[in-house]
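Have a look at the structure below, then the notes.
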Amino acid sequence: REEWVVTDFGCILSAVTVVTLYDTLGKDAIDYILNQTYIKTLALSADKIKNIIDLKKDGKLPLLTHLIYFDELKQAELE
């Protein structure tokens, strides 16, 4: 996907570290990875948004403040 390549190059050129989410391990793994790496901004696509929103609603991911979303967001995905 083009957006991933552009994001990766932008991070490389800006000396920003890229961290991969292994969401196949479940929400606990996402929570652990994001908190251990002090992630404030997350770039993601439609297949990841539900888990991230659920974790934020549960009061987890306190350091995460910004989402860069590659797809069109529907209201149902926020609930």
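Accessible surface computed residue by residue for the chain, with neighbouring protein chains in place and a 1.4 Å probe, gives 71 Å² per residue. Charges were assigned to the Cβ only: +1 to each Lys and Arg, -1 to each Asp and Glu. The resulting dipole of the chain about its Cα centre is roughly 260 debye. Taking 0.36 nm per residue of separation and subtracting the current Cα-Cα distance, fully stretching the chain between ALA46 and ASP23 would add 7.0 nm. Set against the labelled values [x] 1.09; [y] 1.56; [z] 1.22, Cα Rg over 2.2 N^0.38 Å computed from this structure falls on [x]. Under the simplified labelling scheme, the THR37-CYS11 pair shows an inter-label distance of 0.5 nm, with each label point 7 Å from Cα along Cα→Cβ.
Excluding ARG1 itself, what net charge comes from residues whose Cβ is under 13 Å from its Cβ, given Lys and Arg +1 and Asp and Glu -1? Summing Lys and Arg as +1 and Asp and Glu as -1 gives -4. Give me the net charge of VAL16's neighbourhood, meaning all other residues with Cβ under 14 Å from the Cβ of VAL16; Lys, Arg count +1, Asp, Glu -1. Overall, the nearby charge balance is 0.
The values are calculated or read from the model by the stated rules, or taken from the named source; none is laboratory data. Every value quoted in this text rests on a predicted model; they were computed, and no experiment measured them. Don't worry about glycine lacking a Cβ; one is built from the backbone with ideal geometry, like all the others, and counts go over all protein chains shown. Ligands, DNA and RNA are excluded from the accessible area calculation, which covers all protein heavy atoms including side chains. Shrake-Rupley method; radii C 1.70, N 1.55, O 1.52, S 1.80 Å.
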